[in-house]
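To keep things clear, I will list the structure first and then write my remarks on it.
Each value in this text was obtained by applying a stated rule to the coordinates, not by laboratory testing. Treat the numbers as computed from the prediction; the structure is a model and nothing was measured. So basically every Cβ, Gly included, is an ideal-geometry build from the backbone, and we count neighbours across all protein chains shown.
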Amino acid sequence: MTVTERVGGIWTHSGLRLTGIGHYFPKHVEHNTPAATEGRFNPVDQAVIGRLGVKSRHIANEQETVDYMAVHAAHHALRSAGRAPEDIDLVIVTNWTERQWVPELGPTVASRLGASNALGFDLCGACTGFVHGVQTAAAMLIAMRSWHVAVITCSEQFSRRTRPGSKGELVAGDAAGAVVLERHDLQDAGHGAAGLIDSLLISDGESAQMIWARKPDGWITSRPEIVERAIDGNVRVVEEMLARNGLTIDDVDWVLPHPATDPIHHAVQEKVGIDQARFVVTIESRANTSSASIPVALSELLLSGRTRPGQLYLTPAIGSGFFEGALLFRL
């Protein structure tokens with residue numbers, strides 16, 4: 001596996017911008033009390049999950065299906081962008097936790113959004129689904145010159161993919177996060193301007209057996225080595241994105257990684273050398289929500305009022321398959 005040897009962001013001067021961000025959290029919140037954690041620790045859990053850094057997690061009810069949450073997060077993002085459903089040309093739904101044979105969820109989500117003219121389809125990519133979805137949408141908006149507006153909505157029910165009674169159950173939550181990606185023909189999306197600058201997605205089949213969920217139960221299982229592999233992958237894509245865009249970590253205003261587990265995101269923060277105030281994960285209150293984690297954290301960060309226009313964001317992620325990737329953009 002090798003990283004791409006290229007200097008400069010692939011989307012610089014493309015006119016691609018993230019114009020709207022949104023999220024949806026299920027109504028029910030489960031709290032991790034000391035009594036709830038008793039007896040749930042085994043050596044593999046301890047190696048992969050480490051300290052239980054999750055205090056609360058959202059659990060979807062039967063009404064809050066993957067498509068239901070995807071639609072609500074997308075509507076939030078559309079309101080943020082000032083866009084109507086009829087403006088949408090493309091809808092991408094990322095999900096791995098409640099996949100079905102057919103039909104795909106993308107067309108249903110597009111229909112329920114009221115995007116009657118949009119192409120809708122699904123992507124997986126596990127926890128890198130957000131990176132995968134934005135990169136795919138960017139490529140399609142550039143290729144299809146009559147298209148201008150895409151919605152990428154990441155919706156996961158991770159709580160259903162952990163073995164009941166395991167420690168893993170305590171760190172997995174349900175949520176959806178969405179973004180609106182637009183192409184503006186005259187918009188300079190390079191340094192100093194709002195826009196999508198770069199994306200990177202790498203696959204590594206040799207690491208595929210480090211984490212999996214298979215029939216009949218579909219419960220997620222991982223090996224202890226996943227921690228070092230995930231740390232290395234996150235650090236590698238951060239270094240690659242910085243190097244090929246002529247940046248240092250001090251040039252980045254916000255790093256929003258997929259949080260995975262406590263040992264992983266703490267090690268990534270230390271190794272990339274960014275201070276806690278600019279390193280944003282929501283695992284403590286939202287748990288690990290897989291592909292939804294980055295857009296959810298981004299949505300909450302923007303609503304917090306801590307950001308300013310024109311700031312630079314970097315979103316590294318790793319996912320089963322095995323994938324590692326990142327986005328670089330200004331808002």
Inset, instruction - Quickly estimate the mean residue ellipticity at 222 nm for the chain, helices only: each DSSP H run with n ≥ 4 gives -39500 (n - 2.57), and the total goes over all residues, rounded to 500. - result: -9000 deg cm²/dmol
Legend entry - Cα Rg, Dmax (largest Cα-Cα span) when computed across the chain, Å: 18.5, 59
Legend entry - In order through region 317-323: 3J(HN,Hα) via Karplus (6.51 cos²θ - 1.76 cosθ + 1.60), integer Hz, x for Gly, Pro: 7, 10, x, 4, x, 10, 10
Legend entry - Under the span-like rule (Cα at least 18 Å along the axis, Kyte-Doolittle mean at least 0.0), DSSP H helices of the chain: 66-81, 129-143, 226-244
Legend entry - In Hz, Karplus ³J(HN,Hα) per residue of region 14-21 (6.51, -1.76, 1.60; θ = phi - 60°; x = Gly, Pro): 7, x, 7, 9, 8, 9, x, 10
Inset, instruction - Mind grabbing the base-10 log of I(q)/I(0) for region 199-331 at q = 0.09, 0.13 Å⁻¹? Debye formula, identical points on the C-alpha positions, no solvent, two decimal places. - result: -0.26, -0.53
Inset, instruction - Sort 308, 236 so that the residue with the fewest other Cβ atoms within 10 Å of its own Cβ comes first and the one with the most comes last. - result: 308, 236
Legend entry - Net charge over other residues, Cβ less than 11 angstrom from the Cβ of residue 146 (K, R count +1; D, E count -1): +1
Inset, instruction - Note down the nm distance, to one decimal, between modelled labels 7 Å out along Cα→Cβ at residue 239 and at residue 61. - result: 4.9
Legend entry - Under 30 Å from residue 271, Cα to Cα: lysines that are on another chain or at least 8 residues apart: 55, 167
Legend entry - Rg in Å to one decimal, and Dmax rounded to a whole Å, for region 47-188 via C-alpha atoms: 16.2, 54
Legend entry - Highest-first arrangement of 254-260, 151-157, 163-169, 209-215, where packing means the average Cβ count within 10 Å: 151-157, 254-260, 163-169, 209-215
